[in-house]
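A short write-up of the structure that comes next.
Every read-out reported here was derived from the displayed coordinates using simple, explicitly stated rules and does not represent laboratory data. Because the structure is predicted, anything quoted here is derived from the model rather than measured. All Cβ positions, even for glycine, are placed from backbone atoms using ideal geometry, and neighbour counts span all protein chains on display.
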Amino acid sequence: MGYKITAKTDLSPIDYFVEVEAPHVARAWKPGQFVVFITHERGERVPMSVYKAEDGKIGMFIRKLGKTSMQLYYEFNVGDELYSMVGPLGKPIDVKYYGNVVFASDAVCGQAENYATLKAMKEAGNYTISIQSFEDAARVYPEEFLAKPVADEYYLTTDDGSVGIKGNYLDVVKELIEKDKVDIIFAGGKLGTLAKLAELTRPYGIPTITTVRQIMVDGTGMCGSCRILYGGEVRFACRDGPMFDAHKVDWEDVLKRANRFLEQEKLARERYLEELRARGVI
Ligand SMILES: Cc1cc2nc3c(=O)[nH]c(=O)nc-3n(C[C@H](O)[C@H](O)[C@H](O)COP(=O)(O)OP(=O)(O)OC[C@H]3O[C@@H](n4cnc5c(N)ncnc54)[C@H](O)[C@@H]3O)c2cc1C
Ligand code: FES
């Protein structure tokens, strides 16, 4: 038996929302953990952050990046089934009272984690501050998919200032630090920005917990694909993370390893787009 798709909708021209029935995963999932799905019998394993795990369903935000994410978008519809959904994987974050908890995000996975983390932190009695960054107005998600409902204080930024504050979440974090409003910060999204965030908060000693996305294969600590250098020691993002103390992460190594299959991925994407064009799907 597969895993039925119960909802699918566009979030922006490049991102979409998909919800899949997986009661055993939804029951056990905690913020910070991720899932791995496979679309069809011969498909690849795709690690994904979770936006919502409610009513036996897993909601995810997905970017149309390469072959598998586009295949799910163009060839699977509500009522169709995914071949596999495994999880929850990775370590949950420590949900407890910290005071002022910030979550900052500037890419699809981080936008999902922003909502999921702050929902739990708000329920734990924290004052929650959400910062969501997008490239421009066209890429901002519909209101109902933003983290506003779980934020006591909410900031939206765009790179070009077409809506919200002009700039990136780093600009807002700087201001919040100056106002002494950050007791702990969580963040997810583009790795380059996370590396900059680590440098921004380091001098202030502000606890900074960020997702460290790496290429994953098995997702259970067996293959070594997702290894990172953490405080001078090897850790596996899938087993020991994916959220880590950003001040201990070797970001230079993380950035280098994350891009190691770019050529092969580009080729697979181009071939798949050609196939879609030939079949008249796009
Ligand atoms: C813990 C974790 C959480 C993630 N959460 C999200 C999310 O919420 N939304 C989302 O859109 N994407 C998320 N990703 C990335 C997602 O797994 C990839 O975008 C997806 O595998 C792309 O596959 P593709 O075939 O469409 O593209 P490909 O062309 O195969 O890859 C495009 C890019 O996706 C990344 N990627 C590809 N394969 C993997 C892999 N096996 N493991 C990790 N990264 C990979 C690489 O950066 C790559 O350059 C997450 C990854 C990890 C590790
Ligand atoms: S994905 Fe294989 S060890 Fe993490």
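Side notes on the structure shown:
- Beta bridge orientation in the stretch 100-258: antiparallel %, DSSP, nearest 5: 25 percent
- Computed magnitude of the charge dipole of the stretch 3-89 (debye, nearest 20; Cβ of K, R +1, Cβ of D, E -1): 260 debye
- For the stretch 185-200, the residues whose backbone nitrogen is under 19 Å from a point 7 Å from the Cα of residue 178, taken along Cα to Cβ, are 197-200.
- Sorted by Cβ neighbour density within 10 Å, fewest at the top, the residues 38, 58: 38, 58
- Annotation for residue 199 and residue 234: the two label points, set 7 Å from Cα along the Cα-Cβ direction, are 2.8 nm apart.
- The stretch 54-118: C-alpha gyration tensor shape, a/c 1.5 cut-off, then a/b vs b/c: prolate
- For the set 4/119; 122/248; 119/181; 166/196, the pairs lying more than 22 angstrom apart at their alpha carbons are 4/119; 122/248.
- Extended-chain gain in nm, criterion 0.36 nm per residue less alpha-carbon gap, residue 165 and residue 136: 9.4 nm
- Zero-based 10 Å bins, Cα pair distances in the stretch 93-203, whole percents: 16, 51, 31, 3
- Residue pairs, from the table 52/266; 96/179; 30/190; 64/190, whose Cα atoms sit over 20 Å apart: 52/266; 96/179; 30/190
- A Stokes-Einstein calculation at 10 °C with viscosity 1.306 mPa s, built on the Kirkwood radius of the stretch 3-89 over Cα pairs, returns a diffusion coefficient of 125 µm²/s.
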